[in-house]
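Single-structure report; data block below.
The values are calculated or read from the model by the stated rules, or taken from the named source; none is laboratory data. If you're wondering where the values come from, they're calculated on a predicted model, not measured in any experiment. Positions of Cβ are backbone-derived with ideal geometry, glycine not excepted, and every protein chain shown enters the neighbour counts. Areas reflect the complete protein model, heavy atoms only, side chains present, ligands, DNA and RNA absent. Shrake-Rupley method; radii C 1.70, N 1.55, O 1.52, S 1.80 Å.
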Amino acid sequence: MSDMFDKIEEMEDRREKVKLGGGSERIDAQHDRGKLTARERIDLLVDERSFIELNPFIENRGLDYGHAEAPGEGVVTGYARVNGKLIFLFAQDFTVYGGALGEMHALKIAKTMDLAAENGAPIIGLNDSGGARIQEGVLSLDGYGHVFYRNSIYSGVIPQISVIMGPCAGGAVYSPAITDFVFMVEKTSQMFITGPKVIESVTGASINTEDLGGAKVHSSKSGNAHFTASSEEQVLKDVRRLISYLPANHEEKPQPFPPKKPVDMEERIEELLDIVPVDSTKVYDVRKVIRCLLDDEDFMEVHASFAKNIVVGFGRINGDTIGIVANNPKMMAGGLDIDSSDKCSRFIRFCDCFNIPLITFEDVSGFIPGVQQEHGGIIRHGAKILYAYSEATVPKITVILRKAFGGAYVALNSKAIGADLVFAWPNAEIAVMGPEGAANIIFAKEIRESDHPEETRQAKIQEYRERFANPYIAAGNGIVDDVIDPRDTRKSLASALDMLRNKKKQQPNKKHGNIPL
């Protein structure tokens, strides 16, 4: 018995050594940087006492790399519960060689990703790494390849979430880029391919790490980050919130969550009449409309600081998760440009991957004109929206709040590209182009020859609006399913979602499509 107790004591000593990571001095240094350790982050992320560590004793193969041992290989891996739901995770430990990735470090991550996929559960990565472990040379690069490969083949199989909580540089950035959602901590996390020193030596440009690849840059300019927060605690709280909206895998639907304050779906929402002006030239914030319609007015916006002319995010109606895509007339008149096309098409495809119904709130003036947009590839980027909606087989509902003009109307889940139901408010204008532009073209001769051109122009604009720019021509041709009272929008959506609950649609058999990337 004493021999066994000795063995158990040795095991516990080894385990404690692994838990200490790089040691107390490096833990203190991590705290001095305003950052938590890998294990402290895990404790904040997962349900209390639910984390089970895997492969704590993995070590590198003992080759002479000219450095000391690396407890736990610089990464903590395992499984746990978040809001009672099974998840798998890895957390890079910056106290062990700066969280640098080597062969066995990558093996631990890959094994965890495989388990997540085999058990149909989300994978969450807490990234805090200086990059590849230089001492291991090509083995560390090969390790990245194994991670990237799994990010790719498990895309659409299980939700993948990356949380950037420190540096993420070089090839390491491509793993988060493939995952579904990227969170960043303001001021303490960065992502970039080449660092400031390399950029300065090659181009002569001087820039610091925050301005090059900080949370603000990636959430508002590059679009690489979907969510940011001012602290690690808040970021991890937001990850828990996101998980609540998602299913475990592509074969399941999101778990329903009854609203905290149940409402009667028959109850009219009077304030909607005040939020959206009838005059289509006046602006408003579509997020106010969205919140009015959701359970507890709870809306988790995705990419809130990027391409603000379109709004995407998650909410619930009658307890069921929905994905929302909405033009925001407050920004660029709600028109579509390159960035907004990328933003909404990726979100649409995520929702379709994981059986989340899509609701589109449309108020679009068209695709944004301009030389920069044309030369930047607006044709190719805009086509992604058409492709994403067309291939999606989840329930798809559109509500035309006001404007629906030109090709943008077709792209935003019109009946022609697969919408199950299209509703329009009575003030909706559905046309090839806006009344002002159309009247100038159709009635150009009459306006030009008139004794009072401006009066004639205004009269023709009104004539066009009454005859063509209304929802009833589209409804008369079955392109709009119903014209509804704005105050009954929630009622109509709840009924439609319930009707479409068991929708099944099989697309043509093929290997895969070729989206215009």
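Counting Lys and Arg as +1 and Asp and Glu as -1 over every other residue whose Cβ lies under 14 Å from the Cβ of residue 512, the net charge comes to +1.
Annotation: amide H of residue 313 within the under-5 Å range of 302, 324, sequence separation 5 or more or interchain, hydrogens built in the peptide plane.
Let me know the shape class of region 394-517, please: from the alpha-carbon gyration tensor, a ≥ b ≥ c as square roots of the eigenvalues, rounded when a/c is under 1.5, otherwise prolate if a/b is greater than b/c, or oblate. Since a/c reaches 1.5 but b/c is at least a/b, the shape of region 394-517 is classed as oblate. Helices in the chain, meaning DSSP H runs of at least 4 residues, each add -39500 (n - 2.57). Divided by all residues, the mean residue ellipticity at 222 nm is -11500 deg cm²/dmol. Antiparallel beta bridges, as assigned by DSSP with both residues in the chain, represent about 35 percent of the total such bridges.
Residues in region 161-237 average 43 Å² of solvent-accessible surface per residue, probe 1.4 Å, ligands and nucleic acids excluded. For the listed residue pairs 253/503; 85/187; 17/187; 111/237; 253/504; 396/491, the alpha carbons are over 20 angstrom apart in 85/187; 17/187; 111/237. Taking square-rooted eigenvalues a ≥ b ≥ c of the alpha carbon gyration tensor, is region 355-453 rounded, prolate or oblate, where a/c under 1.5 means rounded and, failing that, a/b exceeding b/c means prolate? Verdict is oblate for region 355-453. Can you classify region 184-330 as rounded, prolate or oblate using the Cα gyration tensor, where a ≥ b ≥ c are the square roots of its eigenvalues, rounded means a/c under 1.5, and otherwise it's prolate if a/b beats b/c and oblate if not? Here region 184-330 falls in the oblate category.
Across region 310-322, computed HN-Hα scalar couplings (Karplus, 6.51 cos²θ - 1.76 cosθ + 1.60, θ = phi - 60°) run 9, 10, 10, x, 10, x, 9, 10, 6, x, 9, 5, 9 Hz from first to last residue, x flagging Gly and Pro.
Between residue 399 and 360, 361, 362, 423, the built amide H atoms are under 5 Å apart, and every one of these is 5 or more places off in sequence or on another chain. Legend: residue pairs 19/216; 197/343; 308/384; 308/505; 261/343; 221/260, Cα-Cα distance threshold 28 Å; pairs beyond threshold, 19/216; 197/343; 308/505; 261/343; 221/260. Close amide H partners of residue 366, meaning residues 5 or more places away or on another chain with modelled amide H under 5 Å apart, are 336, 405.
For region 116-195 versus region 458-480, the spacing of their alpha-carbon centroids is 51 Å. Local charge for residue 484 was computed over the other residues whose Cβ lies under 12 Å away, with Lys and Arg +1 and Asp and Glu -1, and equals 0.
Charging the Cβ of each Asp and Glu at -1 and of each Lys and Arg at +1, and nothing else, the dipole of the chain about its Cα centre rounds to 1080 debye. A simple packing score, the average count of other Cβ atoms within 10 Å per residue, orders the peptides 497-508, 17-28, 429-440, 354-365 as 354-365, 429-440, 17-28, 497-508, with the highest score first. Look at where the Cα atoms of region 271-302 and of region 387-431 average out, and the two centres are 18 Å apart. Rounded to the nearest 20, the Cβ-based charge dipole of region 36-167 about its Cα centre (Lys and Arg +1, Asp and Glu -1) stands at 360 debye. Model label sites at residue 55 and residue 187, defined 7 Å from Cα along the beta-carbon direction, differ in position by 3.5 nm. Sorting the segments 295-301, 284-290 by their mean number of nearby beta carbons within 10 angstrom, highest to lowest, gives 284-290, 295-301. Matching the structure-derived semi-axes √(5λ) of the Cα gyration tensor in Å against the labelled list [x] 50, 26, 19; [y] 40, 27, 23; [z] 46, 29, 24 gives the label [x]. At full extension, residue 281 and residue 177 could sit 33.7 nm farther apart than now, given 0.36 nm per residue minus the alpha carbon distance.
Taking a point 7 Å out from the Cα of residue 308 in the direction of its Cβ, the residues of region 187-222 whose backbone N falls within less than 18 Å of it are 215-222.
With 0.36 nm allotted per residue and the present C-alpha distance subtracted, the residue 454-residue 252 stretch has 66.8 nm of extension available. Counting 0.36 nm for each residue step from residue 211 to residue 138 and taking away their Cα separation leaves a gain of 23.2 nm.
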